[in-house]
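To keep things clear, I will list the structure first and then write my remarks on it.
The values are calculated or read from the model by the stated rules, or taken from the named source; none is laboratory data. The structure presented is a predicted model; accordingly, all values stated were derived computationally and were not measured. As a convention, Cβ positions derive from the backbone with ideal geometry for all residues, glycine included, and neighbour counts pool all protein chains shown.
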Amino acid sequence: MKLILLGPPGAGKGTQAKLLVERKSIPQLSTGDMLREAVANQTEVGKKAKAVMDAGNLVSDDIVNAIVSERLDADDCANGFILDGFPRTLEQASALEKMLADKGLQLDHVIELKVDDEALVERISGRYTCAKCGEGYHDKFKKPETDGVCDKCGSTEFKRRPDDNAETLRTRLMAYYKETSPLLGFYFAKGQLTSIDGMGEIAEISGEIDKVLES
């Protein structure tokens, strides 16, 4: 099974990808992880990426594409993979299509997690975690049973991600719609796109994804 998960930041792609890893025993491939792995393993393309990053520059599409291609040849991808965060642009989508064709592969599904922007802003900007055990909470949807005390470990220290605020999230959403949303039309035209409501409960969304994969 070879699939892509699409959706704006905070839509739950990472969460659903991890659950799919457990259920389907195929790897989740995120661009950041693949890049770090290539650099750590000192592969040829990893060395190129490190030189670019050490110079303070952004890694080019050519290098990213080469890292993805290299990763898809790994043994754990033999039965499929989940692409999370790649492709991000039409250029990367075209490169992926050629890359898969050259390997004799093709995508099975492209799944979009659709969200309501304002509801997403509320969901993301209100979340925080226990600083000790990492248990997740929300200002509105999941407060500790005792105010200021973690239900799981009893800690009274909590933290928020610095980018979990309304202004930053709206900026990230605009970047997504500008750069990545054209992919929806690209994959829809190929008959590969299925859209799922990403605002439901995690288990409910997982169930909808499974229905797509089994169809």
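Regarding region 73-83, can at least one residue be identified that is of a type in the set (A, V, I, L, M, F, W, C), without any contact (Cβ under 8 Å) to a residue 60 or more places away in the chain and not in a helix (DSSP H, G or I)? Checking region 73-83: at least one residue is of a type in the set (A, V, I, L, M, F, W, C), without any contact (Cβ under 8 Å) to a residue 60 or more places away in the chain and not in a helix (DSSP H, G or I). Against the list (1) surrounded by 14 or more Cβ atoms within 10 Å (Cβ to Cβ); (2) free of Cβ contacts under 8 Å to residues at least 40 places away in the same chain, the condition Tyr176 fails is (2).
Starting from residues that are of a type in the set (Ser, Thr, Tyr) and surrounded by 14 or more Cβ atoms within 10 Å (Cβ to Cβ), keep the ones in region 21-44 and report whichever is nearest to Gln92 (Cα to Cα). Restricting to residues being of a type in the set (Ser, Thr, Tyr) and surrounded by 14 or more Cβ atoms within 10 Å (Cβ to Cβ), the top hit is Thr31. Taken together, the residues in region 96-105 that are more than 21 Å from the chain's Cα centre (by Cα) and on the phi < 0 side of the Ramachandran plot amount to 5.
Of everything in region 106-147 that is part of a helix (DSSP H, G or I) and more than 18 Å from the chain's Cα centre (by Cα), the residue that is surrounded by the most Cβ atoms within 10 Å (Cβ to Cβ) is Ser125. For the condition in contact (Cβ under 8 Å) with a residue 12 or more places away in the chain and either more than 23 Å from Ser181 (Cα to Cα) or part of a strand (DSSP E or B) (or both), Val52 does not qualify. Considering region 1-38, and only residues there that are β-branched (Val, Ile, Thr) and touching a strand residue (DSSP E or B) at 6+ places or on another chain (Cβ under 9 Å), the residue that is modelled with the lowest pLDDT turns out to be Thr31.
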